[in-house]
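Beneath this line is the structure, given in structure tokens, with notes to follow.
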Amino acid sequence: AYPETEKLYNTISKKFKVKKESIVLTPGSDAAIKNCLDLFTEKNDKIISIDPTFAMVDIYSKIKRVKQIKIKYNRKLELDYKKIFETIKNRKISLVILANPNSPTGTIIPKRILFNILKSCEKKNIVVLIDEAYFGFYKFSMIPYIRKFTNLVVCRTFSKAFGLAGLRVGYLICSSEQVYLAFNAARSSFNVNRIAQIAAEAALEDL
């Protein structure tokens, strides 16, 4: 039989107190990043990303042929937040991708800064993807604030804290019904296999 996803959707919905209709399963967080680029950008569009970060952001951006405006860390592993806000204000941006916590730096973006970025982007209809692949190593998450912003997408994976990298299972949570419907329409029918779903359910039951 083909994999049934209902149980895993219900488990994620219950664990993180979000509507089931806001969740989309993905084969890892890299697929969620690709989906965001596919849905919200066109060739030659500009996106904001941080540098260094997850390598697939670079790879999928090159495939999509979008221009990354990279906000680099300084020697103290600090980001220039002022540059982020100036870029949002002065440039035509299609998407912002931020990993929190970030890898390989191990740094975090404070809640206050994330909120201000989302507010600035919301005014210009810019989607913000928060990659929480390393959420298991940091207590703060943007998921409880998913209803606060219409432009917020959060993606997670079971590859890191849960150690299920080889099973390729993750999920994204959308703030708006319109974004959810776009993601759901774009995904393949059976993008997460049955074994991966069983393992993910067991992992969520044993936080």
### Query
Filtering the stretch 132-174 down to residues that are closer than 15 Å to residue 97 by Cβ and either part of a loop (DSSP other than H, G, I, E, B) or without any contact (Cβ under 8 Å) to a residue 12 or more places away in the chain (or both), which residue is nearest to the chain's Cα centre (by Cα)?
132
### Task
Quick one: count up the residues across the stretch 175-201 that are open to solvent by 50 Å² or more (accessible area, probe 1.4 Å), outside any loop (DSSP other than H, G, I, E, B), touching a Leu at 6+ places or on another chain (Cβ under 9 Å) and touching a residue at least 12 places away in the same chain (Cβ under 8 Å).
2
### Query
Of the residues that sit in the stretch 1-20 and are open to solvent by 40 Å² or more (accessible area, probe 1.4 Å) and in contact with a Phe, Trp or Tyr (Cβ under 6 Å, 6 or more places away or on another chain), which one is nearest to residue 189 (Cα to Cα)?
2
### Message
Given the criteria over 19 Å from residue 151 (Cβ atoms) and in contact (Cβ under 8 Å) with a residue 12 or more places away in the chain, does residue 17 qualify?
### Response
yes
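So that you can scan it fast, the table gives a plain yes or no per residue for (1) farther than 19 Å from residue 177 by Cα; (2) β-branched (Val, Ile, Thr); (3) not in a helix (DSSP H, G or I):
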site: 4; (1), (2), (3): yes, no, yes
site: 13; (1), (2), (3): no, no, no
site: 21; (1), (2), (3): no, no, no
site: 37; (1), (2), (3): no, no, no
site: 44; (1), (2), (3): yes, no, yes
site: 59; (1), (2), (3): yes, yes, no
site: 62; (1), (2), (3): yes, no, no
### Search result, residues across the stretch 59-90 that are β-branched (Val, Ile, Thr) and exposed (fewer than 15 other Cβ atoms within 10 Å of the Cβ)
59, 63
### Query
What residue, of 48, 33, is open to solvent by less than 40 Å² (accessible area, probe 1.4 Å), closer than 27 Å to residue 165 by Cα and assigned to a strand (DSSP E or B)?
48
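The values are calculated or read from the model by the stated rules, or taken from the named source; none is laboratory data. Keep in mind that what you see is a predicted model, and the values were worked out from it rather than measured. Neighbour counts are summed over all protein chains in view; Cβ atoms, including those assigned to glycine, are modelled from backbone coordinates with ideal geometry. Ligands, DNA and RNA are excluded from the accessible area calculation, which covers all protein heavy atoms including side chains. Shrake-Rupley method; radii C 1.70, N 1.55, O 1.52, S 1.80 Å.
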